[in-house]
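Just below is one structure, and these are the notes that go with it.
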Amino acid sequence: MKLVLAIVSNDDSSSVSTALNKENFQVTRLATTGGFLRAGNTTLIIGCDDDRVDSCLEIIGREGKKRTEVVPSTASYDIGRYASFPVEVQVGGATVFVVDVEAFHKL
Ligand code: 2BA
């Protein structure tokens with residue numbers, strides 16, 4: 001058995017965990033914070049059989065893949081005016097650890 005720890009953006013966490021549940025993976029969601037950006041993200045804990053790890057990673061990669069989105073941004077000028085313009089930001093992506101499970105119990 002393996003333990004998959006997947007750190008995903010909050011935006012993707014629902015779609016990733018819903019897709020995993022649909023494929024009969026059991027998921028625990030933790031609200032976590034990135035140490036560098038100090039922004040919220042979600043860590044998914046998934047315990048699964050060894051032969052299902054690839055399928056689990058495929059779902060995480062599909063539902064949480066890196067993409068570029070255009071979001072509105074504003075710049076202020078000294079004269080007290082603001083201008084709005086679109087900027088491209090990269091969102092999504094997942095950081096995944098797969099570790100061996102020594103024992104698994106439901107007591
Ligand atoms: P990513 O590498 O995609 O990492 C996204 C989040 O995944 C991280 O959030 C952290 O919560 C987790 N993570 C990544 N690698 C990890 C590891 N080896 N062990 C434990 N957790 C890990 P943040 O720490 O807020 O980082 C957000 C993004 O900032 C990172 O995206 C990376 O592009 C950049 N970054 C992180 N640390 C950096 C550093 N020391 N210097 C420059 N850029 C950094």
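The values are calculated or read from the model by the stated rules, or taken from the named source; none is laboratory data. Note that the coordinates shown come from a computational prediction; the quantities given were computed from them, not determined experimentally. Positions of Cβ are generated from backbone atoms using ideal geometry, with glycine treated the same way; all protein chains shown enter the neighbour counts.
Results, tabulated for the structure shown:
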{"item": "Filtered residue count, the range 12-41, keeping only those that are in a helix (DSSP H, G or I) and either within 13 Å of the ligand (Cβ to nearest atom) or of a type in the set (A, V, I, L, M) (or both)", "result": "5"}
{"item": "Every residue from the range 61-97 that is touching an Asp or Glu at 6+ places or on another chain (Cβ under 9 Å) and hydrophobic (A, V, I, L, M, F, W, C)", "result": "V70, V71, V89, V91, A94"}
{"item": "Subset of the range 60-87 (residues that are within 16 Å of the ligand (Cβ to nearest atom) and of a type in the set (D, E, K, R))", "result": "E63, K65, K66, R67, E69"}
{"item": "Any hit, the range 65-78, residues being of a type in the set (D, E), closer than 21 Å to E102 by Cα and surrounded by fewer than 17 Cβ atoms within 10 Å (Cβ to Cβ)", "result": "no"}
{"item": "Residues of the range 89-107 classified as away from the ligand (no atom under 16 Å from the Cβ) and in contact with a strand residue (DSSP E or B) (Cβ under 8 Å, 6 or more places away or on another chain), total", "result": "3"}
{"item": "Filter pass, T74 being in contact with a Ser or Thr (Cβ under 8 Å, 6 or more places away or on another chain) and farther than 19 Å from L5 by Cβ", "result": "yes"}
{"item": "Residue within the range 88-97 that is within 18 Å of M1 (Cα to Cα) and at pLDDT 95 or above present", "result": "yes"}
{"item": "Qualifying strands (runs of 3 or more DSSP E) (wholly inside the range 42-107; at least 2 residues being of a type in the set (G, A, S) and either over 25 Å from D11 (Cα atoms) or in contact (Cβ under 8 Å) with a residue 12 or more places away in the chain (or both))", "result": "67-76, 82-91"}
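To keep it simple, each residue is scored yes or no on (1) under 30 Å from M1 (Cβ atoms); (2) surrounded by 10 or more Cβ atoms within 10 Å (Cβ to Cβ); (3) touching a Pro at 6+ places or on another chain (Cβ under 7 Å); (4) of a type in the set (A, V, I, L, M).
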| position | (1), (2), (3), (4) |
| --- | --- |
| L30 | yes, yes, no, yes |
| F36 | no, no, no, no |
| C48 | yes, yes, no, no |
| I59 | yes, yes, no, yes |
| E63 | yes, yes, no, no |
| F85 | no, no, no, no |
| L107 | yes, no, no, yes |
